[in-house]
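Participant: The following block contains the structure, expressed as structure tokens.
The values are calculated or read from the model by the stated rules, or taken from the named source; none is laboratory data. From a predicted model like this one, the values you see are computed outputs, not experimental measurements. Counting neighbours? That spans all protein chains shown, and the Cβs are built from the backbone with ideal geometry, glycine included.
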Amino acid sequence: MKIAEEIMKLMEEIKYGWVDKNGNPHTKLENMIEMYMLQTPEETMKSKVGVCWDQVELERHYFNEKGINIKSYFIVYNDGKKFPCHTTIAFEDNGKFYWFEHAWDMYKGIKEFDNENDLLEEVKKCFISLELKDGYDNNQIFIYNYSKPEKKLNTLEFYGHCQNGTIVKRG
């Protein structure tokens, strides 16, 4: 747990935003679909901005440096119109599961759970609260466990990469 707290402190210098293909930082999500390119952890450290996707890859980097295995999750609502999503990570320690969240300011922190399912239910509840509000179809919510991307990806490529992972929860 102490290592996770140290990593959370390192993440404090990263603000929510994104860097376009030309290296320009943005704080609003406008034009992201056309102009976004996933940053490497080193690029995120340098730019000091990243959406949840970039932040998860930086967090993965820090946890891997410390020899701690993590799982990365991609939650998405797919109703065929809009595709809000979020990525986050979790790790297991001494039989407990920990949700490590930095990008969602409202839920920032390290939260403990008895099992992975409870952790994912909490992530889903928070996702619904922030991204969907009312009038959603529960059957269109998917959570994938995905691996580290092996190259820089644009928005659509990143969605595809995550959705090629393993579905761990639906609805």
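Participant: Consider segment 118-146. How many of its residues are modelled with pLDDT of 95 or more and surrounded by fewer than 12 Cβ atoms within 10 Å (Cβ to Cβ)?
Facilitator: 1
Participant: A further question follows. Would segment 131-142 turn up any residue that is closer than 30 Å to ASN22 by Cα and under 15 Å from the mean Cα position of the chain (by Cα)?
Facilitator: yes
Participant: Of the residues PHE113, PHE74, only one is under 24 Å from LYS9 (Cα atoms) and surrounded by 19 or more Cβ atoms within 10 Å (Cβ to Cβ); which?
Facilitator: PHE74
Participant: Can I ask one more? Scan segment 9-21 and give yes if some residue there is closer than 13 Å to PHE100 by Cβ and of a type in the set (Ser, Thr, Tyr), otherwise no.
Facilitator: no
Participant: So, GLY160, is that one farther than 24 Å from ILE3 by Cβ, in a helix (DSSP H, G or I) and free of Cβ contacts under 8 Å to residues at least 40 places away in the same chain or not?
Facilitator: yes
Participant: Could you give every pair whose Cβ atoms fall below 8 Å, whose first residue belongs to segment 131-145 and is part of a loop (DSSP other than H, G, I, E, B), and whose second residue is at pLDDT 90 or above and not charged (D, E, K, R), counting only separations of at least 6 or pairs across chains?
Facilitator: As it stands, the answer is TYR136/TYR77; TYR136/ILE128, since those pairs meet every condition given.
Participant: For residues that are β-branched (Val, Ile, Thr) and surrounded by 20 or more Cβ atoms within 10 Å (Cβ to Cβ), scanning just segment 50-69, find the one that is nearest to CYS162 (Cα to Cα).
Facilitator: Among those residues, the one meeting the criterion is VAL56.
Participant: Residue by residue through segment 112-147, note down the ones that are touching a His at 6+ places or on another chain (Cβ under 9 Å) and within 25 Å of ALA4 (Cα to Cα).
Facilitator: VAL123, CYS126, PHE127, LEU130, TYR146, SER147
Matching residues to (1) at pLDDT below 95; (2) more than 16 Å from the chain's Cα centre (by Cα); (3) closer than 29 Å to ILE128 by Cβ:
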site: LYS15; (1), (2), (3): no, no, yes
site: HIS26; (1), (2), (3): yes, yes, yes
site: GLU34; (1), (2), (3): yes, yes, yes
site: LYS46; (1), (2), (3): no, yes, no
site: ASP54; (1), (2), (3): no, no, yes
site: ARG60; (1), (2), (3): no, no, yes
site: LYS66; (1), (2), (3): no, yes, no
site: ILE75; (1), (2), (3): no, no, yes
site: LYS81; (1), (2), (3): yes, yes, yes
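Participant: State all residues of segment 109-130 that are at negative phi, part of a strand (DSSP E or B) and touching a residue at least 40 places away in the same chain (Cβ under 8 Å); if no residue qualifies, say none. Spell out how you get there, then give the answer.
Facilitator: Keep residues of segment 109-130 that are at negative phi, which gives 110-130.
Applying the additional criterion that residues be part of a strand (DSSP E or B) yields 110-113.
Correct list: ILE110 only.
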